[in-house]
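Just so it is clear, none of the values below were taken in a lab; they were calculated from the coordinates. As the structure is a prediction and not an experimental result, all values here were calculated from the model. Glycine also receives a Cβ, built like all others from the backbone with ideal geometry; neighbour counts cover every protein chain displayed.
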Amino acid sequence: MKKILLAGCIVMAGLVTFAQNKTEVKNDNQKWKARLRLIAIMPPSSSYDLSGSDVKISTAFVPELDFTYFFSKNFAAELILGTAKHSVKTVTNGTEAKLGSVWLLPPTLNLQYHIPLSGFTPYFGAGVNYTIFYGVKDDAVSLGYKNAVGFSTQLGADIDINKKWFINIDVKRLFLKTDVTVNTATTLSGVKIDPFIVGLGIGVKL
């Protein structure tokens, strides 16, 4: 977690230096934006019904970095980069049993439509993501996760601080399922991840 945050800060610092040294251009010619957000990744309350037990995946709070390229003042593509650790458990009649933890790396590419207003730019978008599961730690049983493709929807807004800097608020929903292998024998098909991702951060126009 500390290494991820440090890496994000280093990249953001480099972007700030680049932005400060670059000749200012008009907003109509704006091509790039970069944002550093703090996000909450919130999977559903129940991800799988396992013979009367609910499989649950924990909420995670992590930094996220994204880059947006504008094809025009309205249309853009955003690449979202981040990773998060989630614990996995079962709940049966109110009794919890830890199954372990896993890291998710879900690079996501969204196509967006921006509506530039005076000092305020709302946007919405949709796209695709590919989630890589790694760093699996088992507590009760041996678990294996299948990498998976999912879909993304997005709604957000950039609020200008000045000509370069802005505040960003963003909400995404990833529609993602994976197959989980238990003790290398039993496969749970279609375990829902499907998180809401709520973010707040700062951005810079490049």
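A compact table of results
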read-out: Global geometry of region 114-206, whether rounded, prolate or oblate, following the gyration tensor of its Cα atoms and the 1.5 cut on a/c; value: prolate
read-out: Region 50-206 - Rg over Rh from alpha carbon coordinates, Kirkwood radius; value: 1.07
read-out: Charge sum, other residues only, whose C-beta stays under 14 Å from LEU176's C-beta, Lys/Arg counted +1 and Asp/Glu -1; value: +3
read-out: Estimated vicinal HN-Hα couplings, Hz - region 114-121 in sequence order (Karplus 6.51, -1.76, 1.60; Gly, Pro = x); value: 9, 10, x, 10, 6, x, 8, 10
read-out: Solution diffusion estimate, µm²/s, Stokes-Einstein, region 35-90, Kirkwood Rh from C-alpha pairs, 4 °C, viscosity 1.567 mPa s; value: 95 µm²/s
read-out: Most positive-pole-ward Cα, ILE80, THR95, TYR69, against dipole of region 53-136 from beta carbon charges; value: THR95
